[in-house]
Amino acid sequence: MNKILIIMILAMFAFSCGGSSGGGAGAVDNTGVIISGDNGGYIVHDLNAGDAEVILSDTVSGISGETGDNTAVLKPAPVDSVNDVVRDSDETVSDIEAVDFEITVVNMNGEPLSGAIVTLKDENNLMVTSAVSNESGLVLFTSPIETDDTIAAISIIHPEYEAREISVEGIGSLEAVIRTVGLETAQETVAWTDTDGDGIPDEADAFPDDSELAFVSKGRFTLKFTETGFAVKLHITEKLNVKNEVVEIILHSIPVETGEAGYLFGVSIKGESWMLIRDLKTGSTKPVMINVKLSTPVPRTEMPAMPYEPFVKPAVSL
């Protein structure tokens, strides 16, 4: 009789501890994460700092702990933050708008990381621009973005930390992208190949053999001047050094419609102008490309946003 009573007590004790994987709050693995249960098996935290949490939740209410179709929702690392600013639709006046980027790179303790290379990629995974984080972990730049673009990506690499890439959805509707991004410590320091010794690995260096230059920033525009009937495609490439300073600018103009004769097209940058269409009689229909070497490198934050200040003017006014 005593043996039967003992067996019954042991069985009741095992059941109360959740030994059955189909009842109660569910079975628990050795990480302390609930992996199954009556409510569909909602995963509940108990992850290490910096790990992404995957929560299975109801797609209608979005509230964990309610029944639903158990759609996985990827939560960012605890140190991450998103403070993007949406542009007022009434203020959109062009197919391309300047978007400010303010990216802060930190470790999983929230401490700033300098020397991280931050690269903006478009929806086709093509590089738009790059920059290096300063001692505050901060990267600042402005980039022209088409207003109908739906997504972009920001990749971040650092020799002592795991590489990371985040997506920016609805990029064309944003006025500013303000993010804090946390990086996990790498198990092994990455041995970068740096041919020119400027601190930028060859894989991220647009000029791997030139220590005076490191990155490029690109923009493509179609400009129309309704008063003159003049239209031109303008391609701009900025060459930057490792300090995120603009050293040189390539301006490439391709006339689309010359409009009235006797008008010239040019671009003004910080009070200095360069002419790109020079035909005084009929207006040139030929592409023009010029390299503008700045006398002193200009910090990118002090540069006007592309396409700077384009203009047309009568030839007689020159």
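The table below lists the values:
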item	result
Enumeration of residues in the range 230-251 that are more than 18 Å from Pro304 (Cβ to Cβ) and not β-branched (Val, Ile, Thr)	Phe230, Ala231, Lys233, Asn241, Lys243
Some residue of the range 279-290 being at pLDDT below 90, of a type in the set (Ser, Thr, Tyr) and surrounded by fewer than 16 Cβ atoms within 10 Å (Cβ to Cβ)	yes
Members of the range 183-198 that are within 23 Å of Ser143 (Cβ to Cβ) and either of a type in the set (S, T, N, Q) or touching a residue at least 60 places away in the same chain (Cβ under 8 Å) (or both)	Leu183
Subset of the range 201-230 that is part of a strand (DSSP E or B), out of contact with any Ser or Thr (no Cβ under 7 Å at 6 or more places or on another chain) and not hydroxyl-bearing (Ser, Thr, Tyr) - its residue that is nearest to Ala116 (Cα to Cα)	Gly219
Any chance Val242 is outside the structural domain of Glu102 (by TED's automatic domain parsing), under 24 Å from Leu126 (Cβ atoms) and not in a loop (DSSP other than H, G, I, E, B)	no
Which numbered condition Glu184 fails, given (1) within 28 Å of Ser89 (Cα to Cα); (2) surrounded by 13 or more Cβ atoms within 10 Å (Cβ to Cβ); (3) among the acidic types (Asp, Glu)	(1)
Matching entry among Phe230, Phe207 (being out of contact with any Pro (no Cβ under 6 Å at 6 or more places or on another chain), outside the structural domain of Asn125 (by TED's automatic domain parsing), crowded, with 18+ Cβ neighbours inside 10 Å and more than 30 Å from Ser89 (Cα to Cα))	Phe207
All strands (runs of 3 or more DSSP E) inside the range 91-182 with 3 or more residues being over 18 Å from Val79 (Cα atoms), free of Cβ contacts under 8 Å to residues at least 60 places away in the same chain and not charged (D, E, K, R)	151-158
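The values are calculated or read from the model by the stated rules, or taken from the named source; none is laboratory data. Being a predicted model, the structure only gives us computed values, none of them experimental. Ideal geometry is used to build each Cβ from the backbone, glycine not excepted, and the neighbour counts take in all protein chains shown.
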